[in-house]
Amino acid sequence: MSVARSRNWVASTGQGWKIYVFLSLMVVAALGLVGVIVFSQQPVVTGSPSASHAVACALTAAGAVPAAFLWLGVSLRCSKCNASVGWHVVRTSPAGEWWVMLATLVECPVCGGRRT
């Protein structure tokens with residue numbers, strides 16, 4: 001595990017905690033979606049707590065996903081070129097591969113910088 005971590009650019013630059021913030025926001029979004037499903041299973045009566053809880057959960061999920069990607073795009077930066085590495089990887093990688101690309105980076109994809 002330490003060999004894999006030492007070769008990963010995100011971990012080796014001390015920015016691994018930023019990935020955990022991103023993942024935490026995605027968990028909040030997933031829990032919001034679960035809440036929508038749970039509260040939507042109850043009979044809907046106008047003004048009932050279950051309807052307002054379902055709306056609150058939907059709004060939470062709808063806000064957490066963009067917040068997570070905004071965080072990823074703004075926070076992961078190269079100390080050498082100051083490029084937004086998270087945004088660069090999400091924008092330039094195929095939709096199904098950006099997470100793998102981010103997890104396996106060995107250098108900054110913009111300038112080739114390896115560590116801070």
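Picking from residues in region 9-43 that are farther than 20 Å from Leu70 by Cα and surrounded by fewer than 17 Cβ atoms within 10 Å (Cβ to Cβ), the one that is modelled with the highest pLDDT is Val34. Answer yes or no: is there a residue in region 71-78 that is modelled with pLDDT of 90 or more, polar (S, T, N, Q) and in contact with a Lys or Arg (Cβ under 7 Å, 6 or more places away or on another chain). Yes. Going by the conditions given, is Trp71 touching a Phe, Trp or Tyr at 6+ places or on another chain (Cβ under 7 Å), on the phi < 0 side of the Ramachandran plot and touching a residue at least 12 places away in the same chain (Cβ under 8 Å)? Taking the combined requirement at face value, the residue satisfies it.
Matching residues to (1) in contact with a Gly (Cβ under 8 Å, 6 or more places away or on another chain); (2) not in a helix (DSSP H, G or I):
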| position | (1), (2) |
| --- | --- |
| Val21 | no, no |
| Gly32 | no, no |
| Ala54 | yes, no |
| Pro66 | no, no |
| Val74 | yes, no |
| Trp87 | yes, no |
| Val90 | yes, no |
| Cys108 | no, yes |
| Gly113 | no, yes |
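The values are calculated or read from the model by the stated rules, or taken from the named source; none is laboratory data. Given the structure is predicted, the values throughout are model-derived calculations rather than measurements. Reconstructed Cβ throughout: ideal geometry from the backbone, glycine too, with neighbour counts over all protein chains shown.
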